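Trainee: One structure, as structure tokens, below. Some questions next.
The values are calculated or read from the model by the stated rules, or taken from the named source; none is laboratory data. All values reported here derive from a predicted model rather than from experimental measurement. When we count neighbours, we look across all protein chains shown, and the Cβ atoms used for this are built from the backbone with ideal geometry, even at glycine. Ligands, DNA and RNA are excluded from the accessible area calculation, which covers all protein heavy atoms including side chains. Shrake-Rupley method; radii C 1.70, N 1.55, O 1.52, S 1.80 Å.
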Amino acid sequence: MRLVPVYRITVFVPPAHLEALQRGICAVDSLQQGDYEHGMWISAPGMEQFRPLPGAQPSQGRAGELEQAETVRLELCIPRDPARLQRLVEQGIRAHHPWKVPAIFVDETSFVLP
């Protein structure tokens, strides 16, 4: 067994935009871990809520009103390389996500390889 230090990236995306986001991510990074690539985990749809503040120009909802949207949780891992992480977030996620401020979370963890 070998533990590989990785960034685990979690992003929430509307289901209708999931495939485009996945393609955008894989165009920037192969997500290779061991003998596999394009590894991602997709969790069942849930709900995300937010209230755009005055002056916001949301892609969904209106300023001052509470909005709820169906989203899917997408997770993926890459080796801990800050430059690679920045490229993946900016070119792979933000560039292909329909929201101006997507919910993106990054954790440092380990991936187990045989």
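Trainee: Given the conditions (1) within 23 Å of Cys77 (Cα to Cα); (2) in contact with a Pro (Cβ under 8 Å, 6 or more places away or on another chain); (3) assigned to a loop (DSSP other than H, G, I, E, B), which single one is not true for Leu31?
Mentor: (2)
Trainee: What about Leu113, is it closer than 20 Å to Leu21 by Cα and of a type outside the set (Asp, Glu)?
Mentor: Details: closer than 20 Å to Leu21 by Cα: no; of a type outside the set (Asp, Glu): yes.
No, not satisfied.
Trainee: Further, regarding this structure: Do we have Leu85 as outside any loop (DSSP other than H, G, I, E, B), touching a helix residue (DSSP H, G or I) at 6+ places or on another chain (Cβ under 8 Å), of a type in the set (A, V, I, L, M) and under 30 Å from Pro114 (Cα atoms) here?
Mentor: Details: outside any loop (DSSP other than H, G, I, E, B): yes; touching a helix residue (DSSP H, G or I) at 6+ places or on another chain (Cβ under 8 Å): no; of a type in the set (A, V, I, L, M): yes; under 30 Å from Pro114 (Cα atoms): yes.
No; evaluated as a whole, the condition is false for this residue.
Trainee: For region 80-94, which positions are among the aliphatic types (A, V, I, L, M) and surrounded by 14 or more Cβ atoms within 10 Å (Cβ to Cβ)? Walk me through how you get there before you give the answer.
Mentor: Going residue by residue through region 80-94, those that are among the aliphatic types (A, V, I, L, M) are 83, 85, 88-89, 93.
Correct list: Leu85, Leu88, Val89, Ile93.
Trainee: Just to be sure before I move on: is Pro114 under 18 Å from Pro5 (Cβ atoms) and modelled with pLDDT under 90 in the structure I sent?
Mentor: On the way: under 18 Å from Pro5 (Cβ atoms): yes; modelled with pLDDT under 90: yes.
It is true that Pro114 is under 18 Å from Pro5 (Cβ atoms) and modelled with pLDDT under 90.
Trainee: I'd like to check something: does region 37-48 contain any residue that is of a type in the set (Asp, Glu) and closer than 15 Å to Val101 by Cβ?
Mentor: Yes: one or more hits.
Trainee: Could you tell me which residue of region 21-31 is surrounded by the most Cβ atoms within 10 Å (Cβ to Cβ), considering only residues that are in contact (Cβ under 8 Å) with a residue 12 or more places away in the chain and not β-branched (Val, Ile, Thr)? First the steps, then the outcome.
Mentor: We begin by selecting, within region 21-31, every residue in contact (Cβ under 8 Å) with a residue 12 or more places away in the chain; these are 21-29, 31.
Now restrict to residues that are not β-branched (Val, Ile, Thr): 21-24, 26-27, 29, 31.
Working: Leu21: 22, Gln22: 19, Arg23: 11, Gly24: 18, Cys26: 15, Ala27: 12, Asp29: 17, Leu31: 19.
Applying the filter and picking the extreme gives Leu21.
Trainee: Give the residue, chosen from Ile9, Ile25, Ile42, that is assigned to a helix (DSSP H, G or I) and β-branched (Val, Ile, Thr).
Mentor: Details: Ile9 fails: assigned to a helix (DSSP H, G or I); Ile42 fails: assigned to a helix (DSSP H, G or I).
Exactly one of Ile9, Ile25, Ile42 is assigned to a helix (DSSP H, G or I) and β-branched (Val, Ile, Thr), namely Ile25.
Trainee: For region 51-76: of the residues being within 19 Å of the chain's Cα centre (by Cα) and among the acidic types (Asp, Glu), which is least open to solvent (accessible area, probe 1.4 Å)?
Mentor: Pass one, region 51-76, residues within 19 Å of the chain's Cα centre (by Cα): 58-60, 68-76.
Still in the list and also among the acidic types (Asp, Glu): 70, 75.
Values: Glu70: 99, Glu75: 32 Å².
Here the answer is Glu75.
Yes/no matrix, rows are residues, columns are (1) open to solvent by 20 Å² or more (accessible area, probe 1.4 Å); (2) touching a residue at least 40 places away in the same chain (Cβ under 8 Å); (3) over 24 Å from Ser110 (Cα atoms):
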| residue | (1), (2), (3) |
| --- | --- |
| Pro5 | yes, yes, no |
| Ile9 | no, yes, no |
| Pro15 | yes, yes, yes |
| Glu19 | yes, no, yes |
| Gln33 | yes, yes, no |
| His38 | yes, no, no |
| Gln49 | yes, no, yes |
| Ile78 | no, yes, no |
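Trainee: Find the residue count for region 95-114, including only residues that are within 15 Å of Pro14 (Cβ to Cβ) and open to solvent by 50 Å² or more (accessible area, probe 1.4 Å).
Mentor: 3
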